[in-house]
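Below: one structure, written as structure tokens.
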Amino acid sequence: MTTPFSRTDFTKNGLTLRAAVGLFAKHDNARVLAGTTVGAVASRLLLGKWSRRDAAAAAVIVGIEPFVEWLIHVNVLHRRPHDRNGRTVDSLLARSHRAHHRDPRDPDLVFIPRPALAPSIAALAVANLAGTRALRPALTGFATAMVSMTTYEWTHFLIHSSYRPRTALYRTIRRTHQLHHFRNENYWFGIITPVSDKVLNTYPEKDEVPASSTAKTLGVPVS
């Protein structure tokens, strides 16, 4: 799917936060995520009857999100093609992510691939229901997960746009993600927060690791 705005819009100098929000809102992913998130939050508010299980469900999602993000980035997005029973297996997510590394400023490649979006949302719903086995805390967890997923998509979009950071946290996130793309793809995997990188020892200083010759290809030659 082609983004409903141009590469020039995405990368032009002087992009404001308001303009970036406007571009993001035009994309189908943003609309799906926003609609699902608002629907989940509103549904949970309507159900009422809050309990400690709701607080626990939300806390678990917030606590594990950086590490789930890290694991997916390392083991799914950076997974190389491999043989299985005589067939080459190469997932859509991995192919799309390699294309993103080859051209980080292409707005078409910044978003989660559309065919993977609905299954990802469904997986979050099923996981929360299976983990809590009760509607209200499951919906609390799902709403929290959707907020996290939307935040991830927005943050990644903003990092790759030409918008210049105004806050210390965003400057840090943007800088480390650029290091991941242009210095060494084996470090700095976090998008929303560097917590997982710091805990899992993938947050070195720039000069502590060598520049990688495979940062753009992720070790897979372009066919």
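No value in this document is a laboratory result; all are computed from the given coordinates. Fair warning: this is a prediction, and the values are worked out from it, not measured in the lab. No Cβ is skipped: glycine too gets one built from the backbone with ideal geometry, and neighbour counts run over all protein chains shown.
If you sort the three axes of the alpha carbon gyration tensor as a ≥ b ≥ c, you get a/c of 1.5 or more for the range 1-49 and a/b no higher than b/c, which makes it oblate. On C-alpha positions alone, give me the angle between the axis of helix 114-132 and the longest principal axis of the chain, in degrees, nearest 10. The angle comes out at about 40 degrees.
Once the convex hull of all Cα atoms in the range 1-107 is built, its volume per residue stands at 176 Å³.
Positive end of the dipole of the range 176-223 (Cβ unit charges, origin at the Cα centre): among 191, 177, 221, the Cα lying farthest that way belongs to 221. Computed over the chain, relative contact order equals 28 percent, with contacts defined as Cα pairs under 8 Å that lie 6+ residues apart. When the GluC sites (Glu not before Pro) in the range 140-223 are filtered for DSSP coil states and for at most 16 other beta-carbon atoms within 10 Å of their beta-carbon, the remaining sites are 205. With the Cα gyration tensor of the range 59-186 giving a ≥ b ≥ c as the square roots of its eigenvalues, does the rule (a/c under 1.5 for rounded; else a/b larger than b/c for prolate; else oblate) give rounded, prolate or oblate? Taking the square roots of the gyration eigenvalues as a ≥ b ≥ c, the range 59-186 is oblate. Each Cα pair under 8 Å and six or more residues apart adds its separation to the average, and for the range 28-144 the resulting relative contact order is 39 percent.
For the chain, modelled as a GNM whose springs connect Cα atoms under 10 angstrom apart, the maximal fluctuation among 132, 176, 37 occurs at 132. Value of Rg to Rh for the range 70-133, rounded to two decimals, is 1.06; Kirkwood radius and Rg both from alpha-carbon coordinates. With only Lys, Arg, Asp and Glu charged, each at its Cβ (+1 for the first two, -1 for the last two), find how big the charge dipole of the chain is about the Cα centre; round to the nearest 20 debye. Taking the Cα centre of the chain as origin, the dipole is about 360 debye.
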